[in-house]
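The values are calculated or read from the model by the stated rules, or taken from the named source; none is laboratory data. Predicted model, so just to flag it, every value in this text is computed and none were measured. We place every Cβ from the backbone using ideal geometry, glycine too, and count neighbours over all the protein chains shown. Just so you know, the surface numbers come from the protein's heavy atoms only, side chains and all, with ligands and any DNA or RNA stripped out. Shrake-Rupley method; radii C 1.70, N 1.55, O 1.52, S 1.80 Å.
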Amino acid sequence: MFEQQAALFLYAVSPVHMGAGSATGLIDNPIQRERHTNHPSFAGSGIKGAIRHAFAQLGGEKDLIKRLFGPDSGSDELHAGAVSFGDAQLLAFPIRSLKQGYVYASCPQALARAQRLLNLVGVKTQWTIPLPEEGHCRLANPALMSGDNKLHLEAFEYQVHVDPVLPELSSALAGLALPDQPEYGFFREKLKTDLVLLSDTDFAYFSENATLVEPHVRINEKTGTADDGGLFYTENLPPESLLIAPLMASQSRSGKEDKLEAVDVMMKMHNILDGRLLQMGGDATTGRGLVLAKLVGG
Amino acid sequence: MPMAALPKYLGDDFAQASPGLRFGMYLPVWGKDNKTGETLWTSHDLNYREAGRDRQVRQFKDENKTQALNQSARLNANDRQLMEKLAQRQAAAASVLPQMLSLQARSIAPFTTGLGNEHPLENGFAFLNPYGLPYLPGSGVKGVLRQAARELASGDWGDERGWNQQPSYTLKMGKEPVHFSMIDALFGKECSMGGKEQMRGALSFWDVIPQIKGDRLEVEVMTAHQSHYYQKKRDDRAGNSDSPHESGQPNPINFLSVPPGSGFAFHVQCHQALLARIAPDLAEADRWQGLLQAAFEHAFDWLGFGAKTAVGYGSLQRDAQAEAAMKQAFEQIQAQAQAQAELDKLSDEQRQIKELEQLFLATKDKGGLDAGCPVATQRLKLLDDALGWESPEYRQQAADLLRRIAKDLPWAKKRKQEASDKLARLMA
C-alpha cells in the first residue's frame, strides 16, 4: 500500500521531447499526449526511468536504487519498487503574445485537475477558478492588453476580463511549483503576473498547435553540406511549460535488506528532487528535456 | 504600404512583440498595387511613377523585404531582459551541477543560423519559441564540436591535443564486442539503419542564447549571380543560357544575423557514470574537459558555429573576462541568498541589530558617518525599541552595538548626554 503521497511539479527550462514513437501526421517525431484532452503529458514510466537513471548523480545512495525503484527486468529477485510516479498533466503552457513576449496560459480543466491532485496528496488549496467562455480570457496584468480590453495571442484575439482574484491563484501556484532559488525569481514573478486563463477549448487548441517544432538536418562529414533525406521535424514541449504528477511511496519490499518505511522513502525522494534540475525524455545529448523539479506534500 | 498576413483586429503596431513573432507571423511584407489597392501576395509593392526620357508613368516593383526584415530585427526592453534572465538561469543551473564545462565566448564575426527554415523571404532564422529570441540549438553545438574533434584527431592540423581516432575501447553489446574511439564515447556512435551498434555519447550540449550586442539583429544581403545556373532557368536578360557565366542577373537575398561582439555561453554536461563505464581513462581527473576545451578552441578558430561558416560567419573567441564576470555574478547571487537566509532565521530583535550593524559598517567604509545620516536615526530607533525588549541577552547585544557606533559618530553634546542616559538604562 502506498502510505505517502506528494505532488511533483515539473517546469521545463529547455525544450522537452517525451517521444510518442512514430508519427502519422506532419511531424516526424511527435510528443506524448493524453488521449482524452490531447494535452501534452509525460508518461509516469518515463519520469520514473529518468529519476532512477539520475538517482546516483543527484546524490542518492546507489544501493537504494533497487529497493526504491524495483529490480531490473530479468532479475532473479523480483519485488515491487517503493515509489510510484503517475503521468504528468499539463498545468500551464507558454503562448507567444503580442505584448510582453509570452504569457503562461492555463484553463479551468487543467487548474481543477491540479487542484484535485494537490488536495488528494494533502496539500490543501482553495483556489477560486474562474470559468472564461470561449473567445474570452481572464488576466490580471493590464500591460498584456492591447487597446480596448483585448488580448492578442499569436494571431488570435480574446476579450479580456480583468480578474482581481487571479494574482492570488497565480502566486499560490508560483510558490508551490517553482524552486525558490534567486535565479528563477524572474520567471516566478512572471508566472505570478502573466498567468492568463483561457477556456478549455482555446487552451486545447494552443497545447496542440503551439508546441515547438524543430527541424533537423544531418551534415555530411565529408562534403560539409546537408545530407539528402536527413531532414526531419521533431516536436518538443516548449520551455516554460509547467506540469504536475502524483508521486506515491510505500515501505520498501525487497524482503532482504533493512526495511525502509514509507516516510523515509518519501524523505529520500524529497532530498534528491526538490529544487533540482532533471533531464527527461529524448535528445538528452543536445540539451533537450531539462526540467526543474519541486516536490510538495508527503 | 505593405502589410502582414493577419486579421485586421491585430492592427499594425507590433513594436512590443518579440523578434521571432515579428519575423515569423507579423511580417509586413505583402505588397499592394497602389493603383488598384489590390493585395498582391508578393513581396513587392506596385508603384507608379513618371520615369524615363519621355516622363511617362511607369509601373515599378518596389521590394518590401529589407524594410520588413529591419522592423523585425529590433529588440525591445522586454526582449533584452528575457535574454539576460535566460542566460543567467542557465549559468546558475550549470554552476551547481557537477561534471559541467562552461565556456564564455564573444563573436568576432556575424552569426546566423536556421537559414534553411521555411519562410516567405526564402531564408528563415532560428528563433526559440516562446521567447522569440535567436538561439543556437544544442544539436548545432554538438555537430560542430564532433567535427572539431574529428579534425584534431586526424592529425592534419598538427598537434592532436590529445585526440585520436583509435578504436581503443570495447563494449559488449549482445554477443559481439563493439570497438569504438574516444570520439564515439563522448559524442555517441551512429550506425546505419537497422544496426545494433548505436551508443549514446557521454556529453550533453545545452542550447546557447546569444547575448546580442546593441538593440537589434543585423539585416544582411547575399547576392547570388548564378541563379539561372543553379535553378536551370533560362532568361533572355541572362543570355538565354543555363550555363554559369558572368552576365547573370544578380539576385539579392536578405537575411538576419546576430552582430559581432555578442556573447555566447556554452554549457556541456558530462554523464560521468556512463563515461567511467565505457571509457574510464577519459573520466579520470576530468580528462574529457581538457579534450573538449581543445575542440572548442579549434572550432572557434577554424570552424565557426551556425550557418555560412565557409565565408567567415560564426567565428568566436573565448572571453576570459566574461567568464570571470559570470563567476563573480554567480558568487554574488549566492552570497546574497545566503545573507538573506541568515536574516530570515533570526528573531526580530536580532534582525534589527544585524541590519543596523550592516548599515553602520557600510556607511563607515564610505566615510559617510555624520550626525544626520541614516545610521544616526536608526541608532536612536534601536535604542528606543531595545528599551522595550525583555531578553537581557538582546538588550546587551543592542547596547554593545550602540556603544560601538557612538564612538565613531559625531554628536551634539546635549543629545549625547540623553543617549548615554538611555544606554545606561538599557544595561541596567
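Tabulated results
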{"read-out": "Most to least packed among A:219-226, A:119-126 [average Cβ atoms within 10 Å]", "value": "A:119-126, A:219-226"}
{"read-out": "Area of B:Ile108 that stays accessible when all protein chains are in place (1.4 Å probe, Å², to 10)", "value": "100 Å²"}
{"read-out": "Heavy-atom surface of the protein assembly as shown, accessible at 1.4 Å and reported per residue (Å²)", "value": "48 Å²"}
{"read-out": "Among B:Gln340, B:Gln332, B:Gln104, residue whose mean-square fluctuation peaks in a GNM of chain B (springs only between Cα atoms under 10 Å)", "value": "B:Gln340"}
{"read-out": "Segment A:Asn271-A:Ala226, length gained on full extension (0.36 nm per residue, minus Cα span)", "value": "11.7 nm"}
{"read-out": "Shielding by partners - mean other protein chain Cβ count within 10 Å, residues of B:87-93", "value": "5"}
{"read-out": "Accessible surface buried once A binds B (1.4 Å probe; total of both sides; Å²)", "value": "3800 Å²"}
{"read-out": "At R0 = 22 Å, FRET efficiency that the Cβ-Cβ distance of B:Glu190 and A:Asp28 yields, to 0.05", "value": "0.80"}
{"read-out": "Cα-based convex hull volume of the protein assembly as shown per residue, rounded to whole Å³", "value": "253 Å³"}
{"read-out": "Set of lysines near A:Lys256 by C-alpha distance (under 17 Å), chain-local residues within fewer than 8 positions excluded", "value": "A:Lys62, A:Lys66"}
{"read-out": "Burial of 50 Å² or greater, the stretch A:48-74 residues [accessible area, probe 1.4 Å, versus chain by itself]", "value": "A:Gln57"}
{"read-out": "Whole-Å semi-axes of the ellipsoid equivalent to the stretch A:148-190 (Cα gyration tensor, √5λ, descending)", "value": "26, 14, 7"}
{"read-out": "Accessible-area ranking of B:Leu343, A:Leu91, largest first, probe 1.4 Å", "value": "B:Leu343, A:Leu91"}
{"read-out": "Residue among B:Lys366, B:Lys85, B:Lys65 with the largest mean-square fluctuation in a Gaussian network model of chain B, springs linking Cα atoms under 10 Å", "value": "B:Lys366"}
{"read-out": "Per residue, the convex hull volume that the Cα atoms of the stretch B:330-428 enclose (Å³)", "value": "95 Å³"}
{"read-out": "Estimated translational D of the stretch A:190-246 in µm²/s (Stokes, Kirkwood radius over Cα pairs; 10 °C; 1.306 mPa s)", "value": "108 µm²/s"}
{"read-out": "Check: chain B dipole with +1 on Lys, Arg Cβ and -1 on Asp, Glu Cβ, in debye", "value": "720 debye"}
{"read-out": "Whole-Å semi-axes of the ellipsoid equivalent to chain B (Cα gyration tensor, √5λ, descending)", "value": "59, 39, 18"}
{"read-out": "Per principal axis, descending, Cα span of the stretch A:199-298 in whole Å", "value": "59, 45, 23"}
{"read-out": "Rounded to the nearest 10 Å², the accessible area of A:Arg67 at probe 1.4 Å", "value": "30 Å²"}
{"read-out": "Degrees, to the nearest 10: A:262-273 long Cα axis against longest axis of chain A", "value": "60 degrees"}
{"read-out": "Cross-link pairs beyond the 19 Å C-alpha cut-off, checked among A:Lys99/A:Lys192; B:Lys32/B:Lys232; A:Lys190/B:Lys8; B:Lys364/B:Lys422", "value": "B:Lys32/B:Lys232; A:Lys190/B:Lys8; B:Lys364/B:Lys422"}
{"read-out": "Unit charges on C-beta of K, R, D, E only; dipole of the stretch B:60-216, Debye", "value": "400 debye"}
{"read-out": "Protein accessible area in the stretch B:110-238, 1.4 Å probe - carbon and sulfur %", "value": "47 percent"}
{"read-out": "Orientation-averaged projected area, Cα convex hull of chain A (nm²)", "value": "18.5 nm²"}
{"read-out": "Solvent-accessible area, 1.4 Å probe, carbon plus sulfur percent, for the stretch B:270-428", "value": "50 percent"}
{"read-out": "Value of Rg to Rh for the stretch A:53-171 (Rh from inverse mean 1/r over Cα pairs, i.e. Kirkwood)", "value": "1.19"}
{"read-out": "Over the stretch B:267-326: Kirkwood hydrodynamic radius from C-alpha pairwise inverse distances, Å", "value": "13.5 Å"}
{"read-out": "With every protein chain in place, the stretch A:37-193: carbon and sulfur % of accessible area (1.4 Å)", "value": "49 percent"}
{"read-out": "Accessible surface ranking that places the most exposed of B:Asp236, B:Asp344, B:Asp33 first, with a 1.4 angstrom probe", "value": "B:Asp236, B:Asp344, B:Asp33"}
{"read-out": "Angle in degrees between helix A:166-177 and the longest Cα principal axis of chain A, rounded to the nearest 10", "value": "30 degrees"}
{"read-out": "Calculated P(r) of the stretch B:1-116 - Cα pairs past 26 Å, %", "value": "45 percent"}
{"read-out": "Given B:Lys35/B:Lys61; A:Lys48/B:Lys172; B:Lys85/B:Lys354; B:Lys142/B:Lys189, the pairs whose alpha carbons are separated by over 19 Å", "value": "A:Lys48/B:Lys172; B:Lys85/B:Lys354"}
{"read-out": "Solvent accessible area, Å² - A:Val296, 1.4 Å probe, full protein context", "value": "20 Å²"}
{"read-out": "Dimensionless Rg/Rh of the stretch B:178-267 - Kirkwood Rh, Rg from C-alpha atoms", "value": "1.25"}
